[in-house]
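Participant: Could you have a look at this structure, given as structure tokens, before my questions?
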There are 2 protein chains.
Amino acid sequence: MTDIFFDFVCPYAWRGLEMAALLRPQGESFRLRHFSLVEGNHPDNKDGLNWRITDQPADADGGEEYMQYQRPSLNAFLAAQAAYRQGEEAAWNFTLALYRAHHEQKRELEEATFTQAAQEVRLNLEQWQRDRQDAAGLRRSLRADLDAAAEIGVFGTPTFVLDDGSAAYYRFENLVRDPDRARQLWTLYTNVLHSGAGIATIKRAKHRPAHRQ
Amino acid sequence: MTDIFFDFVCPYAWRGLEMAALLRPQGESFRLRHFSLVEGNHPDNKDGLNWRITDQPADADGGEEYMQYQRPSLNAFLAAQAAYRQGEEAAWNFTLALYRAHHEQKRELEEATFTQAAQEVRLNLEQWQRDRQDAAGLRRSLRADLDAAAEIGVFGTPTFVLDDGSAAYYRFENLVRDPDRARQLWTLYTNVLHSGAGIATIKRAKHRPAHRQ
């Protein structure tokens, strides 16, 4: 069982989840877990988790630029936590539908989008809306994921945590739609983590604007 | 031909060079190139290369903590640039000898260490000392490497730049001494860069100290 940590605002996490979705019918199992980029990058959290997204109101407007993600991220997490109470398949279906709505169809992470995703994947809507009223319970489950992510040292999404505890951020630019390509990508990733050389980082350089002479 | 950018102060670059050295007899060719971590991380260089290590005196004492590397790094580069005038094998031999002296035998990057490395790999010592007097010429060659690194967007060492221009930082913790393991590590790296998915980053999470509740 591999844990996959993600934030709905993150396009890299979307690609990672689509890869994982292609691997599930091939016998790989993944557990869906939430990690908040806003919380992870919050300046008050440099020496520990002092600022928690789970303590913020659902309608909070983040002040700083990067905080613009706070409200959509938190509300997407909470809508998803409610969906997850309907079982693993419902959880995967809702998660992928919401990711595609946001990153493919460019819809905002807001109430209308959550509801449309729930309808699209045929959640039990009545139950889902009832579960969404349990704000304290949903925030507790979310917080358990965020606490686990912090213990592991997750810093970005998607981060995959393998059975043996090895964990790494895995970022790729192109959406994979072919199961064999997904398998190759996954094999490559696990080979890197298990190479025996203790590979800690492979990170592409980016061409910079010409420097001053 | 793969360019390998390195700084003598960096232990990860040392491991990368040892891997490359094991691959050379297997038909891979690498060009030795310098990248200065002190210059790359200098606060004045956020918007371009305003502060150049090649403009600093050889005996400069960096003030800030990270600047402690300035003098040893610059002087190792210049000693190596002089050695490189004696051909490719001399360049590899001197580079590896100096890396091992510093990172394995824990000797400082200073004059006595440079001279011992030069003797150990049987450089033409007279020529080497004469070439070292050409401070302006050595700094020009060094600067050409640093300029090239900046164009590529090198940010850490070792960074390998493949024939097709793809470039990435490659960090691993364990020294490789077996040629087959070196081949595996290299194949893994090139597969990651050429996966077709545009893999930009694989980076391990690190367990953090327990957060505050």
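Participant: Which value, in nm² and rounded to one decimal, describes the direction-averaged projected area of the C-alpha convex hull of chain B?
Facilitator: For chain B, the mean projected area of the Cα convex hull comes to 14.4 nm².
Participant: Oh, and also: Could you tell me which residue in chain B puts its beta carbon nearest the axis mapping B onto A, with the distance rounded to whole Å?
Facilitator: Residue and rounded Å distance to the axis: B:202, 2.
Participant: Something else: Could you check what % of the DSSP bridge pairs in the range B:2-194 are antiparallel, to the nearest 5?
Facilitator: The antiparallel fraction comes to roughly 55 percent.
Participant: By count of other Cβ within 10 Å, fewest leading, how are B:141, B:36, B:166 ordered?
Facilitator: Going from sparsest to densest Cβ surroundings: B:166, B:141, B:36.
Participant: Here's another thing I want to ask about it. Which value in deg cm²/dmol, rounded to the nearest 500, describes the helix-derived mean residue ellipticity at 222 nm for chain B, given -39,500 (n - 2.57) per DSSP H run of n ≥ 4 and division by the residue count?
Facilitator: Taking each H run of at least 4 residues, the total per residue is -14000 deg cm²/dmol.
Participant: Still on this structure: Which value, in Å to one decimal place, does the Kirkwood hydrodynamic radius take for the protein assembly as shown when every pair of different Cα atoms is included?
Facilitator: After inverting the mean inverse Cα-Cα distance, the result is 24.0 Å.
Participant: Which of the GluC sites (Glu not before Pro) across the range B:123-213 are loop residues per DSSP, with 15 or fewer other Cβ within 10 Å?
Facilitator: In loop regions of the range B:123-213 (DSSP not H, G, I, E or B), the sparsely surrounded GluC sites (Glu not before Pro) are B:173.
Participant: Considering Cα pairs under 8 angstrom that are at least six residues apart, work out the relative contact order of the range A:2-194 and quote it in whole percent.
Facilitator: Contact order relative to length: 33 percent.
Participant: Additional query: Give me the aspartates and glutamates in straight-line cross-link reach of residue B:106: C-alpha distance below 20 Å, same-chain residues under 8 apart excluded.
Facilitator: Counting by Cα, and skipping residues close in sequence, residue B:106 has these aspartates and glutamates nearby: B:7, B:18, B:65, B:120, B:173.
Participant: Any lysines with Cα under 21 Å of the residue A:206 Cα? List them, leaving off those in the same chain fewer than 8 positions away.
Facilitator: B:46, B:203
Participant: For the range A:99-190, what mean projected area does the convex hull of the alpha carbons give, in nm²?
Facilitator: Taking the Cα atoms of the range A:99-190, their convex hull projects to 8.1 nm² on average.
Participant: Taking chain A as a Gaussian network, where each spring joins two C-alpha atoms under 10 Å apart, which residue of A:164, A:47, A:61 fluctuates the most?
Facilitator: Of the options given, A:47 has the highest mean-square fluctuation.
Participant: Would you mind giving the mean number of other chain beta-carbons within 10 Å of the Cβ of each residue in A:186-198, as a whole number?
Facilitator: Per residue, the average neighbour count from other chains is 5.
Participant: Which trypsin sites (Lys or Arg not before Pro) in the range B:24-114 sit in a loop by DSSP (not H, G, I, E or B) and have at most 11 other Cβ atoms within 10 Å of their own Cβ?
Facilitator: Qualifying residues, ordered by number: B:46, B:106.
Where a number appears in this text, it was derived from the coordinates with a stated rule and is not lab data. Just so you know, these numbers come straight off a predicted model, no measurement behind them. Using ideal geometry, Cβ is built from the backbone for each residue, glycine included, and neighbour counts are taken over all protein chains shown.
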